[in-house]
Amino acid sequence: MTDVAKNEQAEPEVANRGFGDRDPIFGDSPEGTDVWQRVPYNPDDYGPVSDFATDFDHADPDYNPNAPKVWKQLREDGCPVAHSDRYGGMWIPITHDTVHEIAYDTENFTSRSVVVSVGRPGDMAMPAPIGGVPPISSDPPFHGQARRMLLPPFAPKQIEPWEEEVRILCRRLLDDMGEITPGESVVDAAVQYAQHIPVNVIGRMLGFPEKDEALFRKFVHDALERINEEPGTRDGLDDLGHYIGAQIDDHRENPRDDLTSYLMNQELNGEKLSDDIVGGAIVLLLVAGIDTTWSAIGSSLWHLAQSPDDRKRLQDDPEVMTFAVEEFLRAYAPVTMARMVAKDNDFHGCPMKKDDWVLLPFPAANHDPKQFEDPDKFVIDREQNRHAAFGLGIHRCLGSNLARLELRVAIEEFVARFPNFELAGDVTWSVGQIRGPRVLPVRILAD
Amino acid sequence: MQIHLDAEKCQGHNRCYGLAPELFDVDDYGQAVLLVDGEVPAELHDKARLAASNCPEYAITLTQES
(Lines give C-alpha, C1' and ligand atoms only; values in the text may rest on other atoms or scores of the structure.)
Protein backbone atom coordinates (compact mmCIF):
# COMPACT_ATOMS: atom_id res chain seq x y z
CA MET A 1 0.00 0.00 0.00
CA THR A 2 1.37 3.38 -0.87
CA ASP A 3 1.65 6.22 1.60
CA VAL A 4 -0.96 8.19 -0.27
CA ALA A 5 -3.53 5.44 -0.13
CA LYS A 6 -2.70 5.01 3.52
CA ASN A 7 -3.29 8.65 4.27
CA GLU A 8 -6.74 8.62 2.76
CA GLN A 9 -7.67 5.85 5.15
CA ALA A 10 -6.18 7.58 8.16
CA GLU A 11 -9.38 8.02 10.15
CA PRO A 12 -10.78 4.45 10.19
CA GLU A 13 -7.26 3.12 10.54
CA VAL A 14 -6.81 4.99 13.81
CA ALA A 15 -10.23 4.07 15.11
CA ASN A 16 -9.75 0.37 14.40
CA ARG A 17 -6.35 0.01 15.93
CA GLY A 18 -7.16 -0.54 19.57
CA PHE A 19 -4.53 -1.55 22.04
CA GLY A 20 -6.48 -4.61 23.19
CA ASP A 21 -4.45 -7.02 21.11
CA ARG A 22 -1.38 -6.00 23.14
CA ASP A 23 0.66 -5.12 20.09
CA PRO A 24 3.27 -2.60 21.09
CA ILE A 25 2.20 0.89 20.16
CA PHE A 26 5.72 1.94 19.39
CA GLY A 27 8.52 -0.29 18.23
CA ASP A 28 9.77 -2.64 15.56
CA SER A 29 7.24 -5.43 15.76
CA PRO A 30 4.92 -6.92 14.92
CA GLU A 31 6.47 -8.77 12.02
CA GLY A 32 9.82 -7.11 12.39
CA THR A 33 9.85 -4.18 10.04
CA ASP A 34 6.29 -3.07 9.51
CA VAL A 35 6.35 -0.18 11.91
CA TRP A 36 9.82 0.75 10.71
CA GLN A 37 11.04 0.14 7.20
CA ARG A 38 14.72 -0.23 6.56
CA VAL A 39 16.25 2.62 4.56
CA PRO A 40 18.79 1.73 1.86
CA TYR A 41 21.80 2.49 4.02
CA ASN A 42 24.33 0.21 5.61
CA PRO A 43 26.39 2.06 8.22
CA ASP A 44 29.15 -0.53 7.74
CA ASP A 45 29.72 0.76 4.19
CA TYR A 46 30.67 4.13 5.58
CA GLY A 47 33.59 4.93 7.82
CA PRO A 48 33.99 7.93 10.07
CA VAL A 49 32.92 11.21 8.50
CA SER A 50 35.70 12.75 6.44
CA ASP A 51 33.82 15.84 5.21
CA PHE A 52 30.72 17.08 7.00
CA ALA A 53 29.64 19.12 3.96
CA THR A 54 29.07 16.04 1.81
CA ASP A 55 29.00 13.12 4.25
CA PHE A 56 27.34 14.56 7.35
CA ASP A 57 26.55 12.13 10.16
CA HIS A 58 25.21 13.42 13.44
CA ALA A 59 25.80 9.95 14.91
CA ASP A 60 29.53 10.11 14.22
CA PRO A 61 31.07 9.95 17.70
CA ASP A 62 33.15 13.03 16.87
CA TYR A 63 30.14 15.17 15.95
CA ASN A 64 28.54 16.05 19.26
CA PRO A 65 31.79 16.82 21.11
CA ASN A 66 32.82 19.16 18.26
CA ALA A 67 29.51 20.32 16.81
CA PRO A 68 30.08 24.10 17.13
CA LYS A 69 33.34 23.71 15.17
CA VAL A 70 31.57 21.67 12.50
CA TRP A 71 28.87 24.35 12.02
CA LYS A 72 31.47 27.14 11.92
CA GLN A 73 33.53 25.30 9.32
CA LEU A 74 30.48 24.63 7.14
CA ARG A 75 29.40 28.27 7.32
CA GLU A 76 32.87 29.57 6.56
CA ASP A 77 33.12 27.20 3.61
CA GLY A 78 29.91 28.71 2.24
CA CYS A 79 27.76 25.63 2.85
CA PRO A 80 24.38 26.70 4.28
CA VAL A 81 22.89 23.24 3.65
CA ALA A 82 25.05 20.13 3.98
CA HIS A 83 24.14 16.77 2.48
CA SER A 84 24.77 13.14 3.19
CA ASP A 85 23.92 9.86 1.48
CA ARG A 86 23.66 8.24 4.88
CA TYR A 87 20.28 7.12 6.21
CA GLY A 88 19.00 6.92 2.64
CA GLY A 89 19.68 10.62 1.99
CA MET A 90 19.74 13.53 4.40
CA TRP A 91 19.95 17.33 4.16
CA ILE A 92 21.33 19.47 6.96
CA PRO A 93 20.60 23.22 6.99
CA ILE A 94 23.14 25.02 9.17
CA THR A 95 22.13 28.69 9.11
CA HIS A 96 19.39 30.32 11.15
CA ASP A 97 17.59 31.38 7.96
CA THR A 98 17.44 27.91 6.43
CA VAL A 99 16.51 26.18 9.71
CA HIS A 100 13.80 28.79 10.26
CA GLU A 101 12.43 28.39 6.74
CA ILE A 102 12.13 24.60 6.94
CA ALA A 103 10.63 24.70 10.44
CA TYR A 104 7.89 26.97 9.08
CA ASP A 105 7.26 25.03 5.88
CA THR A 106 4.88 22.23 6.85
CA GLU A 107 3.79 21.78 3.24
CA ASN A 108 7.11 20.57 1.90
CA PHE A 109 8.42 19.05 5.12
CA THR A 110 6.50 16.56 7.23
CA SER A 111 7.11 15.80 10.90
CA ARG A 112 6.03 12.21 10.39
CA SER A 113 9.36 11.01 11.69
CA VAL A 114 11.54 13.32 13.75
CA VAL A 115 14.37 10.96 14.60
CA VAL A 116 16.69 10.17 11.72
CA SER A 117 17.63 6.51 11.79
CA VAL A 118 18.14 3.53 9.50
CA GLY A 119 14.39 3.02 9.65
CA ARG A 120 11.56 5.10 8.26
CA PRO A 121 7.94 4.78 9.34
CA GLY A 122 6.55 1.72 7.59
CA ASP A 123 3.11 0.49 6.61
CA MET A 124 2.10 -0.35 10.16
CA ALA A 125 3.14 3.04 11.49
CA MET A 126 0.54 5.65 12.28
CA PRO A 127 0.25 7.65 9.06
CA ALA A 128 0.52 11.40 8.53
CA PRO A 129 -0.85 13.79 9.62
CA ILE A 130 -0.90 12.02 13.00
CA GLY A 131 2.35 10.07 13.12
CA GLY A 132 3.47 7.71 15.84
CA VAL A 133 4.03 10.18 18.65
CA PRO A 134 1.57 13.07 18.30
CA PRO A 135 1.75 15.99 18.21
CA ILE A 136 5.51 16.13 17.56
CA SER A 137 5.06 13.68 14.67
CA SER A 138 1.93 15.41 13.37
CA ASP A 139 1.31 17.91 10.60
CA PRO A 140 -1.52 20.42 10.22
CA PRO A 141 -4.41 20.23 10.65
CA PHE A 142 -4.30 17.32 13.11
CA HIS A 143 -1.26 18.80 14.82
CA GLY A 144 -3.14 21.82 16.09
CA GLN A 145 -5.91 19.70 17.61
CA ALA A 146 -3.54 17.29 19.34
CA ARG A 147 -1.27 20.06 20.56
CA ARG A 148 -4.13 22.06 21.97
CA MET A 149 -4.99 19.13 24.25
CA LEU A 150 -1.47 19.00 25.62
CA LEU A 151 -0.80 22.72 25.99
CA PRO A 152 -2.77 23.44 29.20
CA PRO A 153 -0.87 21.06 31.53
CA PHE A 154 2.41 22.58 30.33
CA ALA A 155 1.42 26.25 30.41
CA PRO A 156 3.58 28.42 32.70
CA LYS A 157 1.07 28.70 35.51
CA GLN A 158 0.65 24.92 35.70
CA ILE A 159 4.41 24.39 35.71
CA GLU A 160 5.41 27.11 38.22
CA PRO A 161 4.05 25.13 41.23
CA TRP A 162 6.54 22.33 40.50
CA GLU A 163 9.51 24.52 41.46
CA GLU A 164 9.65 23.44 45.10
CA GLU A 165 9.50 19.75 44.18
CA VAL A 166 12.28 20.16 41.64
CA ARG A 167 14.36 21.97 44.24
CA ILE A 168 13.82 19.24 46.85
CA LEU A 169 14.77 16.61 44.28
CA CYS A 170 17.98 18.46 43.35
CA ARG A 171 18.97 18.81 47.00
CA ARG A 172 18.31 15.12 47.61
CA LEU A 173 20.55 14.19 44.68
CA LEU A 174 23.30 16.44 46.04
CA ASP A 175 22.87 14.89 49.50
CA ASP A 176 23.13 11.44 47.97
CA MET A 177 26.63 12.27 46.71
CA GLY A 178 27.73 11.69 50.30
CA GLU A 179 30.65 13.16 52.18
CA ILE A 180 32.51 15.67 50.00
CA THR A 181 36.16 16.55 50.59
CA PRO A 182 36.92 19.74 48.66
CA GLY A 183 39.91 19.37 46.40
CA GLU A 184 39.58 15.59 46.37
CA SER A 185 36.03 14.40 45.86
CA VAL A 186 34.98 13.75 42.28
CA VAL A 187 31.31 13.42 41.39
CA ASP A 188 29.67 12.70 38.05
CA ALA A 189 27.44 15.70 37.38
CA ALA A 190 25.67 13.86 34.56
CA VAL A 191 25.24 10.39 36.04
CA GLN A 192 24.67 11.35 39.67
CA TYR A 193 22.78 14.57 39.07
CA ALA A 194 21.55 15.82 35.67
CA GLN A 195 20.12 12.55 34.35
CA HIS A 196 17.86 12.03 37.37
CA ILE A 197 16.08 15.36 37.37
CA PRO A 198 13.82 15.41 34.30
CA VAL A 199 13.07 11.68 34.41
CA ASN A 200 11.88 11.92 37.99
CA VAL A 201 9.67 14.92 37.30
CA ILE A 202 8.02 13.67 34.09
CA GLY A 203 7.54 10.21 35.64
CA ARG A 204 5.69 11.81 38.53
CA MET A 205 3.64 14.01 36.22
CA LEU A 206 2.59 10.94 34.23
CA GLY A 207 1.84 8.99 37.40
CA PHE A 208 4.37 6.22 36.69
CA PRO A 209 6.21 4.39 39.51
CA GLU A 210 9.36 6.22 40.62
CA LYS A 211 11.25 2.92 40.72
CA ASP A 212 10.99 2.74 36.92
CA GLU A 213 13.29 5.72 36.31
CA ALA A 214 16.19 3.59 35.07
CA LEU A 215 13.83 1.85 32.67
CA PHE A 216 12.71 5.19 31.21
CA ARG A 217 16.31 6.20 30.63
CA LYS A 218 16.90 2.91 28.80
CA PHE A 219 13.86 3.57 26.62
CA VAL A 220 15.22 6.96 25.71
CA HIS A 221 18.63 5.56 24.92
CA ASP A 222 17.04 2.89 22.71
CA ALA A 223 14.93 5.44 20.85
CA LEU A 224 17.49 8.17 20.31
CA GLU A 225 21.00 6.79 20.40
CA ARG A 226 20.74 3.33 18.82
CA ILE A 227 19.75 4.79 15.48
CA ASN A 228 22.18 2.74 13.41
CA GLU A 229 20.96 -0.63 14.59
CA GLU A 230 18.73 -2.83 12.47
CA PRO A 231 15.00 -2.26 12.77
CA GLY A 232 13.59 -5.36 14.39
CA THR A 233 16.55 -5.75 16.69
CA ARG A 234 15.83 -2.77 18.91
CA ASP A 235 13.81 -4.73 21.45
CA GLY A 236 13.80 -1.77 23.80
CA LEU A 237 11.24 0.03 21.66
CA ASP A 238 8.81 -2.88 21.94
CA ASP A 239 9.40 -2.94 25.68
CA LEU A 240 8.49 0.71 25.83
CA GLY A 241 5.28 0.05 23.90
CA HIS A 242 4.33 -2.76 26.27
CA TYR A 243 5.25 -0.77 29.34
CA ILE A 244 3.09 2.18 28.34
CA GLY A 245 0.24 -0.13 27.39
CA ALA A 246 0.36 -1.57 30.89
CA GLN A 247 0.39 1.91 32.43
CA ILE A 248 -2.64 2.89 30.37
CA ASP A 249 -4.45 -0.25 31.54
CA ASP A 250 -3.55 0.53 35.14
CA HIS A 251 -4.86 4.08 34.78
CA ARG A 252 -8.05 2.75 33.23
CA GLU A 253 -8.57 0.60 36.33
CA ASN A 254 -7.41 3.30 38.73
CA PRO A 255 -7.87 6.78 37.26
CA ARG A 256 -5.95 9.46 39.14
CA ASP A 257 -4.98 13.10 39.03
CA ASP A 258 -2.04 12.88 36.66
CA LEU A 259 -1.13 13.48 33.05
CA THR A 260 -1.92 9.93 31.91
CA SER A 261 -5.49 10.08 33.21
CA TYR A 262 -5.76 13.62 31.84
CA LEU A 263 -4.83 12.37 28.36
CA MET A 264 -7.16 9.39 28.56
CA ASN A 265 -10.03 11.75 29.35
CA GLN A 266 -9.35 14.05 26.40
CA GLU A 267 -11.70 14.02 23.46
CA LEU A 268 -11.05 14.59 19.81
CA ASN A 269 -13.98 15.17 17.50
CA GLY A 270 -16.33 14.10 20.28
CA GLU A 271 -14.61 10.78 20.95
CA LYS A 272 -12.19 9.70 23.63
CA LEU A 273 -8.63 9.36 22.34
CA SER A 274 -7.63 5.92 21.15
CA ASP A 275 -4.96 4.16 23.17
CA ASP A 276 -2.62 4.52 20.20
CA ILE A 277 -2.81 8.28 20.41
CA VAL A 278 -2.62 8.40 24.21
CA GLY A 279 0.32 5.98 24.14
CA GLY A 280 2.07 7.89 21.38
CA ALA A 281 1.72 11.14 23.29
CA ILE A 282 3.12 9.46 26.41
CA VAL A 283 6.09 8.15 24.45
CA LEU A 284 6.65 11.69 23.27
CA LEU A 285 6.47 13.17 26.78
CA LEU A 286 8.72 10.51 28.20
CA VAL A 287 11.31 10.59 25.44
CA ALA A 288 11.25 14.32 24.76
CA GLY A 289 11.16 15.27 28.42
CA ILE A 290 14.12 13.25 29.61
CA ASP A 291 17.45 13.35 27.87
CA THR A 292 16.83 16.77 26.40
CA THR A 293 16.72 18.61 29.70
CA TRP A 294 19.27 16.27 31.24
CA SER A 295 21.59 17.26 28.37
CA ALA A 296 20.97 20.97 28.91
CA ILE A 297 21.72 20.67 32.63
CA GLY A 298 24.84 18.62 31.93
CA SER A 299 26.17 21.00 29.27
CA SER A 300 25.56 23.98 31.53
CA LEU A 301 27.50 22.37 34.37
CA TRP A 302 30.23 21.36 31.88
CA HIS A 303 30.47 25.03 30.92
CA LEU A 304 30.52 26.23 34.52
CA ALA A 305 33.21 23.70 35.47
CA GLN A 306 35.47 25.55 33.05
CA SER A 307 34.33 29.12 33.72
CA PRO A 308 35.21 30.49 37.18
CA ASP A 309 34.00 33.95 36.17
CA ASP A 310 30.54 32.71 35.28
CA ARG A 311 30.32 30.68 38.51
CA LYS A 312 31.25 33.78 40.48
CA ARG A 313 28.74 35.93 38.62
CA LEU A 314 25.94 33.50 39.40
CA GLN A 315 26.91 33.62 43.06
CA ASP A 316 27.37 37.37 43.33
CA ASP A 317 24.44 38.35 41.15
CA PRO A 318 21.66 35.71 41.31
CA GLU A 319 19.40 38.00 39.24
CA VAL A 320 21.59 37.35 36.22
CA MET A 321 20.01 33.89 36.04
CA THR A 322 17.13 35.37 34.02
CA PHE A 323 19.57 35.91 31.15
CA ALA A 324 22.02 33.13 32.02
CA VAL A 325 19.44 30.38 31.67
CA GLU A 326 18.57 31.56 28.15
CA GLU A 327 22.26 31.82 27.26
CA PHE A 328 22.84 28.25 28.45
CA LEU A 329 19.90 27.27 26.25
CA ARG A 330 21.29 29.19 23.27
CA ALA A 331 24.91 28.14 23.53
CA TYR A 332 24.21 24.53 24.51
CA ALA A 333 20.82 23.85 22.95
CA PRO A 334 20.53 20.08 23.16
CA VAL A 335 17.89 19.33 20.55
CA THR A 336 18.25 18.81 16.81
CA MET A 337 14.90 17.91 15.30
CA ALA A 338 14.20 16.34 11.94
CA ARG A 339 11.68 16.35 9.12
CA MET A 340 11.08 14.21 6.08
CA VAL A 341 10.69 15.80 2.67
CA ALA A 342 6.96 15.57 1.91
CA LYS A 343 7.26 16.24 -1.80
CA ASP A 344 10.09 16.87 -4.21
CA ASN A 345 11.20 20.46 -3.98
CA ASP A 346 14.10 22.70 -4.80
CA PHE A 347 15.35 24.28 -1.61
CA HIS A 348 17.74 27.10 -2.54
CA GLY A 349 19.30 24.91 -5.20
CA CYS A 350 19.17 21.69 -3.18
CA PRO A 351 17.18 19.04 -5.10
CA MET A 352 15.23 17.55 -2.22
CA LYS A 353 13.37 14.31 -2.93
CA LYS A 354 10.29 12.93 -1.18
CA ASP A 355 11.27 10.87 1.87
CA ASP A 356 14.75 12.40 2.17
CA TRP A 357 15.56 13.21 5.76
CA VAL A 358 16.14 16.80 6.81
CA LEU A 359 17.89 17.46 10.09
CA LEU A 360 16.84 20.65 11.86
CA PRO A 361 19.84 21.61 13.98
CA PHE A 362 18.40 24.39 16.13
CA PRO A 363 21.71 24.40 18.05
CA ALA A 364 23.49 25.37 14.81
CA ALA A 365 20.97 28.16 14.18
CA ASN A 366 21.83 29.43 17.66
CA HIS A 367 25.46 29.84 16.60
CA ASP A 368 24.80 31.78 13.41
CA PRO A 369 26.73 35.07 13.44
CA LYS A 370 24.02 36.64 11.25
CA GLN A 371 21.59 36.18 14.12
CA PHE A 372 23.81 36.48 17.20
CA GLU A 373 26.73 38.72 17.98
CA ASP A 374 29.78 36.68 18.92
CA PRO A 375 27.78 33.45 18.73
CA ASP A 376 30.54 31.13 19.89
CA LYS A 377 31.10 33.18 23.02
CA PHE A 378 29.07 32.48 26.15
CA VAL A 379 27.78 35.85 27.36
CA ILE A 380 26.11 35.20 30.69
CA ASP A 381 24.02 38.38 30.60
CA ARG A 382 23.25 38.42 26.88
CA GLU A 383 20.20 40.68 26.71
CA GLN A 384 19.15 40.13 23.14
CA ASN A 385 18.74 36.43 22.67
CA ARG A 386 16.11 35.11 20.27
CA HIS A 387 17.47 31.59 20.59
CA ALA A 388 15.76 28.66 18.93
CA ALA A 389 16.59 26.04 21.58
CA PHE A 390 12.91 25.14 21.83
CA GLY A 391 12.41 25.17 18.09
CA LEU A 392 10.62 27.62 15.85
CA GLY A 393 7.10 27.61 14.51
CA ILE A 394 4.19 25.35 15.33
CA HIS A 395 6.24 22.61 16.99
CA ARG A 396 7.73 24.85 19.70
CA CYS A 397 8.78 22.52 22.52
CA LEU A 398 5.66 21.75 24.50
CA GLY A 399 7.66 21.25 27.68
CA SER A 400 9.75 24.39 27.38
CA ASN A 401 8.43 25.91 30.60
CA LEU A 402 9.17 22.74 32.53
CA ALA A 403 12.60 22.39 30.92
CA ARG A 404 13.49 25.99 31.73
CA LEU A 405 12.37 25.53 35.33
CA GLU A 406 14.36 22.31 35.75
CA LEU A 407 17.46 23.83 34.16
CA ARG A 408 17.35 26.97 36.30
CA VAL A 409 16.72 25.17 39.58
CA ALA A 410 19.29 22.45 38.83
CA ILE A 411 22.01 25.05 38.21
CA GLU A 412 20.98 27.18 41.18
CA GLU A 413 21.09 24.24 43.56
CA PHE A 414 24.34 22.81 42.20
CA VAL A 415 26.28 26.07 42.46
CA ALA A 416 24.70 26.86 45.83
CA ARG A 417 26.02 23.55 47.16
CA PHE A 418 29.30 23.55 45.22
CA PRO A 419 30.35 27.11 44.32
CA ASN A 420 33.61 25.84 42.83
CA PHE A 421 34.28 22.78 40.73
CA GLU A 422 36.42 21.75 37.77
CA LEU A 423 36.51 19.03 35.14
CA ALA A 424 38.17 15.92 36.54
CA GLY A 425 38.61 13.52 33.65
CA ASP A 426 37.25 12.49 30.30
CA VAL A 427 33.79 13.71 29.35
CA THR A 428 31.64 11.41 27.23
CA TRP A 429 29.10 13.08 24.93
CA SER A 430 25.86 11.60 23.70
CA VAL A 431 25.50 10.26 20.17
CA GLY A 432 22.74 11.47 17.87
CA GLN A 433 20.24 14.30 17.75
CA ILE A 434 20.30 15.14 21.45
CA ARG A 435 23.59 16.71 22.44
CA GLY A 436 24.90 16.67 25.98
CA PRO A 437 27.46 15.06 28.28
CA ARG A 438 26.63 11.53 29.43
CA VAL A 439 29.69 11.17 31.68
CA LEU A 440 30.82 14.37 33.37
CA PRO A 441 33.33 13.93 36.19
CA VAL A 442 33.91 17.12 38.17
CA ARG A 443 36.14 17.68 41.18
CA ILE A 444 34.57 19.71 43.95
CA LEU A 445 36.88 22.52 45.05
CA ALA A 446 37.01 24.62 48.19
CA ASP A 447 34.53 27.54 48.32
CA MET B 1 5.87 53.89 22.31
CA GLN B 2 3.28 51.57 20.79
CA ILE B 3 3.46 47.81 21.26
CA HIS B 4 1.82 45.19 19.07
CA LEU B 5 1.52 41.45 19.58
CA ASP B 6 0.86 39.23 16.56
CA ALA B 7 -1.13 36.38 18.08
CA GLU B 8 -0.75 34.34 14.89
CA LYS B 9 3.02 34.40 15.17
CA CYS B 10 3.11 33.71 18.92
CA GLN B 11 4.03 30.06 19.59
CA GLY B 12 4.04 30.30 23.35
CA HIS B 13 7.77 30.52 24.05
CA ASN B 14 6.74 32.69 27.03
CA ARG B 15 9.89 34.78 26.88
CA CYS B 16 7.87 38.04 27.01
CA TYR B 17 5.91 36.86 30.04
CA GLY B 18 9.18 36.00 31.79
CA LEU B 19 10.94 39.26 30.94
CA ALA B 20 8.08 41.75 31.11
CA PRO B 21 5.20 40.41 33.21
CA GLU B 22 3.97 44.01 33.57
CA LEU B 23 3.20 43.99 29.84
CA PHE B 24 2.38 40.36 29.10
CA ASP B 25 0.30 37.64 30.65
CA VAL B 26 -0.23 34.11 29.31
CA ASP B 27 -3.52 32.31 28.80
CA ASP B 28 -4.38 28.71 29.75
CA TYR B 29 -2.64 27.49 26.60
CA GLY B 30 0.54 29.43 27.24
CA GLN B 31 -0.17 31.98 24.51
CA ALA B 32 0.92 35.55 25.18
CA VAL B 33 -1.69 38.16 26.06
CA LEU B 34 -0.89 41.84 25.93
CA LEU B 35 -1.84 43.64 29.13
CA VAL B 36 -1.65 47.19 27.85
CA ASP B 37 -3.82 48.81 25.25
CA GLY B 38 -1.14 49.55 22.67
CA GLU B 39 0.55 52.40 24.53
CA VAL B 40 3.56 51.44 26.68
CA PRO B 41 3.98 53.53 29.85
CA ALA B 42 7.32 55.36 29.85
CA GLU B 43 8.69 53.41 32.80
CA LEU B 44 8.17 50.14 30.89
CA HIS B 45 9.90 51.11 27.64
CA ASP B 46 13.03 49.12 28.51
CA LYS B 47 11.00 46.05 29.37
CA ALA B 48 9.05 46.36 26.13
CA ARG B 49 12.32 46.48 24.17
CA LEU B 50 13.60 43.46 26.08
CA ALA B 51 10.46 41.45 25.34
CA ALA B 52 10.45 42.40 21.67
CA SER B 53 14.13 41.63 21.14
CA ASN B 54 13.90 38.18 22.71
CA CYS B 55 10.84 36.81 20.95
CA PRO B 56 12.09 33.91 18.79
CA GLU B 57 9.10 34.25 16.46
CA TYR B 58 9.31 38.03 15.99
CA ALA B 59 5.72 38.30 17.23
CA ILE B 60 6.21 41.57 19.13
CA THR B 61 6.73 44.86 17.36
CA LEU B 62 7.33 48.33 18.76
CA THR B 63 6.70 51.61 17.03
CA GLN B 64 8.04 54.86 18.33
CA GLU B 65 5.61 57.81 18.42
CA SER B 66 7.35 60.84 17.03
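Give the residue, chosen from A:L215, A:L151, A:L173, that is in contact with a Phe, Trp or Tyr (Cβ under 9 Å, 6 or more places away or on another chain) and within 14 Å of chain B (Cβ to nearest Cβ). Give the steps one after another, and end with the answer.
On the way: A:L215 fails: within 14 Å of chain B (Cβ to nearest Cβ); A:L173 fails: within 14 Å of chain B (Cβ to nearest Cβ).
Within the list A:L215, A:L151, A:L173, the selection yields A:L151.
Could you please let me know if A:A296 is at pLDDT 95 or above and either hydrophobic (A, V, I, L, M, F, W, C) or open to solvent by 30 Å² or more (accessible area, probe 1.4 Å) (or both)? Walk me through it before giving the result.
Numbers: at pLDDT 95 or above: yes; either hydrophobic (A, V, I, L, M, F, W, C) or open to solvent by 30 Å² or more (accessible area, probe 1.4 Å) (or both): yes.
Yes; evaluated as a whole, the condition is true for this residue.
For region A:341-353, give me each residue that is open to solvent by 60 Å² or more (accessible area, probe 1.4 Å) and not in a strand (DSSP E or B).
Going through region A:341-353, the residues open to solvent by 60 Å² or more (accessible area, probe 1.4 Å) turn out to be A:343-344, A:346, A:348, A:351, A:353.
Scanning region A:341-353 gives A:K343, A:D344, A:H348, A:K353.
Return only the number of the condition from (1) assigned to a loop (DSSP other than H, G, I, E, B); (2) within 14 Å of chain B (Cβ to nearest Cβ); (3) more than 30 Å from A:V186 (Cβ to Cβ) that A:A333 does not satisfy.
(3)
Among the residues that make up region B:13-24, is at least one of them in contact (Cβ under 8 Å) with a residue 24 or more places away in the chain, within 11 Å of chain A (Cβ to nearest Cβ) and surrounded by fewer than 21 Cβ atoms within 10 Å (Cβ to Cβ)?
No, that holds for no residue.
Here's a check for you: in region B:35-66, which residue that is at pLDDT 95 or above, open to solvent by 50 Å² or more (accessible area, probe 1.4 Å) and more than 25 Å from A:R330 (Cβ to Cβ) is nearest to the other protein chains (Cβ to nearest Cβ)?
Among those that are at pLDDT 95 or above, open to solvent by 50 Å² or more (accessible area, probe 1.4 Å) and more than 25 Å from A:R330 (Cβ to Cβ), it is B:L35.
Among the residues of region A:385-400, which ones are outside any loop (DSSP other than H, G, I, E, B) and either under 12 Å from the mean Cα position of the chain (by Cα) or more than 7 Å from chain B (Cβ to nearest Cβ) (or both)? Please lay out each step first, then the result.
If we filter region A:385-400 for residues that are outside any loop (DSSP other than H, G, I, E, B), which is where we start, we get A:393-395, A:400.
Once the filter is applied, which keeps residues that are outside any loop (DSSP other than H, G, I, E, B) and either under 12 Å from the mean Cα position of the chain (by Cα) or more than 7 Å from chain B (Cβ to nearest Cβ) (or both), region A:385-400 yields A:H395, A:S400.
For region A:178-222: of the residues being part of a helix (DSSP H, G or I) and of a type in the set (F, W, Y), which is modelled with the highest pLDDT?
Filtering first and then ranking leaves A:Y193.
Kindly indicate which of A:P24, A:P61 is modelled with pLDDT under 80 and in a loop (DSSP other than H, G, I, E, B). I'd like the intermediate steps shown before the answer.
On the way: A:P61 fails: modelled with pLDDT under 80.
After applying the criteria, what remains is A:P24.
Okay, residues lined up against (1) in a helix (DSSP H, G or I); (2) within 14 Å of chain B (Cβ to nearest Cβ); (3) more than 15 Å from the chain's Cα centre (by Cα):
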residue	(1), (2), (3)
A:R339	no, no, no
A:L359	no, no, no
A:H367	no, no, yes
A:D376	no, no, yes
A:E383	no, yes, yes
A:L402	yes, yes, no
A:A410	yes, no, yes
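Residues checked against (1) assigned to a loop (DSSP other than H, G, I, E, B); (2) open to solvent by 20 Å² or more (accessible area, probe 1.4 Å):
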| position | (1), (2) |
| --- | --- |
| A:Y87 | no, no |
| A:I92 | no, no |
| A:D97 | no, yes |
| A:S113 | yes, no |
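The values are calculated or read from the model by the stated rules, or taken from the named source; none is laboratory data. Just so it is clear, the model here is predicted, and its values are computed rather than measured. Cβ atoms come from the backbone with ideal geometry, glycine included; neighbour counts cover every protein chain shown. When the accessible area is computed, the model is the full protein with side chains, heavy atoms only, and any ligands, DNA or RNA have been set aside. Shrake-Rupley method; radii C 1.70, N 1.55, O 1.52, S 1.80 Å.
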